[in-house]
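The values are calculated or read from the model by the stated rules, or taken from the named source; none is laboratory data. Since the structure is predicted, the reported quantities are computational estimates derived from the model, not experimental observations. Here the Cβ is made from the backbone with ideal geometry for all residues, glycine too, and neighbour counts use every protein chain on show. Just so you know, the surface numbers come from the protein's heavy atoms only, side chains and all, with ligands and any DNA or RNA stripped out. Shrake-Rupley method; radii C 1.70, N 1.55, O 1.52, S 1.80 Å.
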Amino acid sequence: MITVGIIANPASGKDIRRLVAHGSVFDNEEKVSIVKRVLLGLEAVGVQHVWIMPDRFGIGLKALDNLPLQIKATLLDMPAWFMPDDSRRAAQLLAERGVGCIVTLGGDGTNRLVAKGCGDVALMPISTGTNNVFPMMIEATTAGLAAGLVASGRADAAVSRAPRIDVYRLAAGQSDFTPDAPDDIALVDAAIYNERFVAARAIWDSGRITDLVLTRAEPGNIGLSSIGANVLAGNYPPGHGLYLQLDTSGIPVRAPVAPGLMQTVHVAAHCVLAPGEMVRVYRAQPAVLAFDGERELELRAGETALLRFNPHGPRVIDPRRAIALAAASGVFIG
């Protein structure tokens with residue numbers, strides 16, 4: 001049976017950066033419409049069963065209401081805590097059920113949680129968040145078609161690995177760690193942030209960042225990865241990461257660290273990271289580890305953070321390539 005999962009985060013596109021920056025509000029009714037179009041795209045290429053993550057707003061139920069579908073589409077049977085971790089747990093359940101693809105609606109933060117639970121299941125990420133470097137700005141019907149084609153095995157060549165950052169937190173005096181069991185991951189950026197508490201989570205004051213590891217630095221990105229892009233102008237080896245050390249003694253760099261929020265940061269040093277290369281940051285004072293634009297873990301005084309560039313992150317669909325492959329093999333003819 002050809003099966004696909006859908007994870008639509010109702011909280012994406014609504015964090016505090018609407019107050020401190022100029023992030024757009026992504027309405028949940030529009031997410032309902034996106035899920036409808038994804039479902040119709042999936043049906044058009046022969047997907048037989050779709051599971052949708054339950055959520056507080058009822059995006060899945062509203063999308064299914066009065067939608068004429070021949071395929072079976074139901075809510076995923078899981079306890080909904082209406083917390084961010086729902087996305088990770090839903091991805092893990094979908095992977096256990098053997099879905100051929102997971103379609104996500106969210107930003108970098110949502111997809112980070114999904115990537116923690118999805119294993120090797122391919123992702124089709126649709127942008128509906130604040131910082132949208134990992135997910136794609138794409139029409140939902142096209143995304144549904146591509147996801148269905150991959151799930152049915154007709155566009156395997158359109159799937160490739162995205163890199164990630166493996167994060168390890170070592171207590172004072174600790175030196176050993178398990179490489180295959182990171183404490184957390186990031187898909188785009190991992191930052192050491194001069195703040196004692198997670199608090200409102202979202203990062204908007206780049207002046208508090210001391211160390212920054214990036215999986216990508218393409219010009220035109222939004223968020224912290226734009227700092228690396230504006231330093232290197234995209235001129236770094238493919239398949240590599242980037243480490244930046246920020247300090248007031250460094251060179252000033254202007255970058256859009258959030259939607260509509262241009263800030264000047266000072267880059268004291270930077271270096272390209274080869275696959276598997278690791279950055280070690282010791283903290284004499286407390287700090288916070290932030291992943292993909294959001295504060296997540298407190299780093300106590302005397303602890304060390306290890307940030308490793310890992311090229312073997314989640315599997316991600318190139319939707320245009322998927323549809324091109326299917327068209328070339330005659331899927332849409334007759």
(request) Choose one of Phe26, Pro84, Val288: the residue whose Cα lies farthest towards the positive end of the charge dipole of the chain (beta-carbon charges +1 Lys, Arg; -1 Asp, Glu; about the Cα centre). (result) Phe26
(request) Quick one: angle between helix 140-151 and the longest Cα principal axis of the chain, in degrees between 0 and 90, rounded to 10, please. (result) 80 degrees
(request) Let me know the whole percent of all Cα-Cα pairs from the stretch 208-334 that are separated by more than 18 Å. (result) 62 percent
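What length, rounded to one decimal in nm, is gained on full extension from Arg161 through to Asp205, with 0.36 nm per residue of separation minus their alpha-carbon distance? Intermediate results must be reported in sequence, preceding the final value.
Numbers: separation 44, 0.36 × 44 = 15.84 nm, distance 3.12 nm.
Working it through step by step, the gained length comes to 12.7 nm.
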(request) With a 10 Å radius around each residue's Cβ, average the other Cβ atoms per peptide and rank 299-311, 229-241, 34-46, 114-126, highest first. (result) 114-126, 34-46, 299-311, 229-241
(request) Let me know the charge dipole size of the chain about its Cα centre in debye, to the nearest 20, where only the beta-carbon of Lys, Arg (+1) and Asp, Glu (-1) is charged. (result) 300 debye
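Calculate how large, on average over all directions, the projected area of the Cα convex hull of the stretch 245-298 is; give the answer in nm² to one decimal.
Working: hull surface 20.7 nm².
With every direction weighted equally, the projected area is 5.2 nm².
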(message) Along the Cα→Cβ direction, 7 angstrom out, place labels at Ala172 and Thr248. What is the inter-label distance in nm?
(response) 2.7 nm
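If you build the convex hull over the alpha carbons only and average its shadow over all orientations, what do you get for the chain? Give it in nm² to one decimal. Before the final figure, lay out each step's value.
Numbers: hull surface 67.6 nm².
Orientation-averaged projected area of the Cα hull: 16.9 nm².
Rounded to the nearest 5, what is the percent of antiparallel bridges among the DSSP beta bridges in the chain?
Values: 50 of 69 bridges.
Just about 70 percent of them are antiparallel.
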(message) For the pair Arg321/Ile333, report the inter-label distance in nm, with labels modelled 7 Å from Cα in the Cβ direction.
(response) 2.4 nm
(request) Once you have all Cα-Cα distances for the stretch 61-206, histogram them in 5 Å bins from zero and send the whole-percent values. (result) 2, 7, 14, 19, 20, 15, 10, 6, 4, 2, 1, 0, 0
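Given R₀ = 30 Å, FRET efficiency for Gln48-Leu297 by Cβ-Cβ distance, to 0.05? Could the numbers behind the result be given before it?
Values: r = 40 Å, r/R0 = 1.35.
The computed FRET efficiency comes out at 0.15.
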(request) Find the accessible area per residue for the stretch 47-167; the probe is 1.4 Å, ligands and nucleic acids are left out, and the unit is Å². (result) 37 Å²
(request) Give me the number: length gained by fully extending Val272 to Leu75, i.e. 0.36 nm times residue separation minus the C-alpha to C-alpha distance, one decimal in nm. (result) 66.5 nm
